[in-house]
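Written out below as structure tokens is the structure these notes cover.
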Amino acid sequence: MNIYDKAHELARGLKQSEEYRAFLAAKTALATDPDAKKMVQDFLRKKMEHEYEALAGKEDAAKTEALQRMYELLAVNAKARDFLAAYFRFQRTMADISKIIGESVAEGLDLFAKE
């Protein structure tokens, strides 16, 4: 078995998955509404910044509330709402796959594990 062949097979499977196809369709639909697209981009950028800050131990309740309000505004726009739903669903799929792969080789990557 060649692991690179399996990786390419996985890549093809991802491209053909319902999650990815729905994501691409939602992305295409969102592109027809430039204002919604800009709002989604701004929301995702701020969400990522907030997540990085949270990882660094810099929790900010005001930013969390602001993101929630942004999301509520976006949810009113069908294209933005559908895009975010498809985006988060595809991101979850990618995270699950990454977790499965990571767990399969965890034994070899435990060099820094506490004993």
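Tabulated data
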{"quantity": "Top-ranked residue of the range 73-115 - restricted to ones that are within 18 Å of Asp35 (Cα to Cα) and open to solvent by 100 Å² or more (accessible area, probe 1.4 Å), ranked as modelled with the lowest pLDDT", "calculated": "Leu73"}
{"quantity": "Pairs where the first residue, in the range 51-67, is more than 20 Å from Met39 (Cα to Cα) and the second is assigned to a helix (DSSP H, G or I) and open to solvent by less than 60 Å² (accessible area, probe 1.4 Å), C-beta under 8 Å, 6+ apart", "calculated": "Glu59/Glu53; Asp60/His50; Asp60/Glu53"}
{"quantity": "Residues of the range 1-39 classified as open to solvent by 80 Å² or more (accessible area, probe 1.4 Å) and not in a helix (DSSP H, G or I), total", "calculated": "2"}
{"quantity": "Selection from the range 40-63 of residues that are part of a loop (DSSP other than H, G, I, E, B) and open to solvent by 80 Å² or more (accessible area, probe 1.4 Å)", "calculated": "Lys58, Glu59"}
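The values are calculated or read from the model by the stated rules, or taken from the named source; none is laboratory data. Keep in mind that this is a model prediction, so the values were computed, not measured. Counting neighbours? That spans all protein chains shown, and the Cβs are built from the backbone with ideal geometry, glycine included. Note: areas computed on protein heavy atoms with side chains; ligands, DNA, RNA excluded. Shrake-Rupley method; radii C 1.70, N 1.55, O 1.52, S 1.80 Å.
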